[in-house]
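The values are calculated or read from the model by the stated rules, or taken from the named source; none is laboratory data. Model, not experiment: these values are computed from the prediction. Using ideal geometry, Cβ is built from the backbone for each residue, glycine included, and neighbour counts are taken over all protein chains shown. Accessible surface is based on the protein model in full, side chains and every heavy atom, while ligands, DNA and RNA are left aside. Shrake-Rupley method; radii C 1.70, N 1.55, O 1.52, S 1.80 Å.
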Amino acid sequence: MDESITAWALAARGGDQVAVERFVGALHRDVVRYVAHLSADPQAADDLAQDTFLRALGSLHRFEGRSSARSWLMAIARRAVIDSFRHAAARPRLCDTEDWRATVERAQPRGLPGFDDGVALLDLLAALPDERREAFVLTQLMGLPYAEAAEVSDCPVGTVRSRVARARETLADLLAAAEAEPETAPDPETESQPAALVA
């Protein structure tokens, strides 16, 4: 598949619109997932993905196919996220709601299949240090080979392997801790009865 994507990128460089559509279509979902995890802001993922593809299509004339088009595009996505952080730091967002976190949580969809599992996964991934989360997402969720993930992250392959191993270890520890937590919700039947009756 990566060979086809790279071939489409090279054809798109020459002005082939069908190749442009295939290139974007093949990688759009991966880019959205990657930027969502890197930025830790799923709400901004579509904008960051669009920015990534605009940058990539504007730079296609420089793409020579020495690496896979997927890893080339992920490196561009990574820079787009970094630039968005810099922009956000320069212009902090304002919120006119006192408890903005609760407002955001209430706005999220509920009752969707797999929703709770997805939220739990996002929470666990968000707990990882940035470098480990990036390595884990690139290799374990997006399926990039370690060498390509290293190219995207601009670090040695061994470093990526180490980050993924540590991310797995941390995630396993977090899952074990979450599963070991006792139920703290009170029993509605015993809560309203006098203590003498409960005993």
(request) Starting from region 33-50, take each residue that is open to solvent by 20 Å² or more (accessible area, probe 1.4 Å) and in a helix (DSSP H, G or I) and list its partners that are basic (Lys, Arg) and modelled with pLDDT of 80 or more, counting only C-beta distances under 9 angstrom and pairs at least six apart or across chains. (result) HIS37/ARG133; LEU38/ARG78; LEU38/ARG133
(request) Could you figure out which of (1) over 24 Å from LEU138 (Cα atoms); (2) modelled with pLDDT of 85 or more; (3) within 22 Å of the chain's Cα centre (by Cα) isn't true of LEU48? (result) (1)
(request) Report, by residue number, each residue of region 19-32 that is open to solvent by less than 70 Å² (accessible area, probe 1.4 Å) and charged (D, E, K, R). (result) ASP30
(request) Could you grab me the full set of residues in region 131-160 that are closer than 19 Å to TYR34 by Cβ and open to solvent by 60 Å² or more (accessible area, probe 1.4 Å)? (result) GLU131, ARG132, GLN140, PRO145, ALA147, GLU151, ASP154
(request) Could you list all residues from region 6-18 that are surrounded by fewer than 19 Cβ atoms within 10 Å (Cβ to Cβ) and assigned to a helix (DSSP H, G or I)? (result) ALA7, LEU10, ALA11, GLN17, VAL18
(request) Kindly check whether there is at least one residue in region 54-70 that is of a type in the set (Asp, Glu) and either in contact with a strand residue (DSSP E or B) (Cβ under 8 Å, 6 or more places away or on another chain) or at pLDDT 90 or above (or both). (result) no
